[in-house]
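Worksheet: the structure to be examined is printed underneath.
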Amino acid sequence: MSAAFSSPLPSKVINSFTPALRRLQGIASTFSSPTQHVMAGNLAVKTPLLRLRDGNNVPMLAFGTGTAWFKEPEDHDKFDKDLVLMAKDALEAGFRHLDCAEMYDNEAEVGKAIKESGIPREELFVTTKVADGIKDVPKAIDESLEKLQLDYVDLYLVHEPWNLHTPEDYQNVWRGMEEVKASGKAKSIGVSNFVRKDLEMILKGSPKELSAVNQLEYHPYIQRENDGVPYIPWMQEQGIQVEAFKGLTPLARCPEGPLVGPLERMAKAHNVSGAAVMLRWFLQQNIVAITTTRKKERLQEYAEAPTFELTKDEMDEIFTEGKKLFKRFYFPQRYDPDDRS
């Protein structure tokens, strides 16, 4: 085993360091990572990079192809030219991290956008995920790479734990992931939508390689904290970096929520969009923000996120106001109503 998780910490200990940790994860920490400068027309996008436990770096702003772009079953055989155009627009706007998945059924469109963009492969960071193919992960990555027209992906994730029931299920899938990384077909491997008990299932098998990333729904209205025990700092303490999707929930899905006013005020103060403020909140926690859109003009708003800093008081206000409302949008039926993990 290349590294080990520290022993689970008692709740009182976690609670004692959490406030300080959040402060330390503030403004200065984001810029301790190396940065990547990309010219997009007249727009210079300065994208922070986050170092993973295996030494690879991930751009902290990603253009996602789920939510707004995944295909319904009846559209399975339809090639989405609009997604190709939007993905190319995202690359032109300065995004260098594209996030897709086998489940979204749009890897072929992402691959075509990459090929037509003319951007050298080494300048891109491509993520995809395995779901239906978890019984044969090495075969699944080959199928994804063929659709993407790539020799490797930068990050390969187990999309969700719903079809994993026993420790053996988790460990078999993870051995397949380790095989994929050893083959060079994925530079880094990780998981998605895993709660703590899911991660611990993998650990029972004494893995050779630990998860570099956990991608999950995270925003101010679901701060992943049960009974005062926060999940996000725990993962970061173990060396698992966090990627957040549905990050614009306070703006896009909860128009009457407690953060509408504060976000408008902060956006005005920094002369940026509300979306940029929300994305910035993630960057200053050293969390990768995955967002998407069907509107090209939104891309310029998202690109504002690396150009300013939220104050400590603004960061704290988003945390505090966010706790006044609890909303889970990704498969809420799989959790108890009061489960905030």
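The values are calculated or read from the model by the stated rules, or taken from the named source; none is laboratory data. Just so you know, these numbers come straight off a predicted model, no measurement behind them. Note that each Cβ is placed from the backbone with ideal geometry, even for glycine, and that neighbours are counted across all protein chains shown.
Observations on the model:
- Of everything listed in (1) more than 27 Å from Val84 (Cβ to Cβ); (2) within 22 Å of the chain's Cα centre (by Cα), the single unmet condition for Ser188 is (1).
- Positions within segment 284-316 being under 23 Å from Asn226 (Cα atoms) and crowded, with 20+ Cβ neighbours inside 10 Å, in sequence order: Gln284, Gln285, Asn286, Ile287, Val288, Ala289, Met315
- Just so you know, in segment 212-240 the residues that are out of contact with any Gly (no Cβ under 6 Å at 6 or more places or on another chain) and in a loop (DSSP other than H, G, I, E, B) include one that is surrounded by the fewest Cβ atoms within 10 Å (Cβ to Cβ), and it is Asp227.
- The requirement of being touching a Leu at 6+ places or on another chain (Cβ under 9 Å), of a type outside the set (Lys, Arg) and part of a helix (DSSP H, G or I) is not satisfied by Leu299.
- In segment 302-324, the residues that are of a type outside the set (Asp, Glu), within 21 Å of Ala252 (Cα to Cα) and either within 21 Å of the chain's Cα centre (by Cα) or part of a loop (DSSP other than H, G, I, E, B) (or both): Tyr302, Ala303, Ala305, Pro306, Leu310, Met315, Ile318, Phe319, Gly322, Lys323, Lys324
- Tyr170 being hydroxyl-bearing (Ser, Thr, Tyr), surrounded by 14 or more Cβ atoms within 10 Å (Cβ to Cβ), part of a helix (DSSP H, G or I) and at pLDDT 95 or above: yes
- Residue check for Glu243: buried (at least 19 other Cβ atoms within 10 Å of the Cβ), among the acidic types (Asp, Glu), out of contact with any Cys (no Cβ under 6 Å at 6 or more places or on another chain) and in contact (Cβ under 8 Å) with a residue 60 or more places away in the chain: yes
- Taking every residue in segment 295-307 that is touching a residue at least 12 places away in the same chain (Cβ under 8 Å) and under 21 Å from Asp82 (Cα atoms) and pairing it with any residue that is aromatic (Phe, Trp, Tyr) and outside any helix (DSSP H, G or I), at least 6 positions away or on another chain, yields no pair with a Cβ-Cβ distance below 6 Å.
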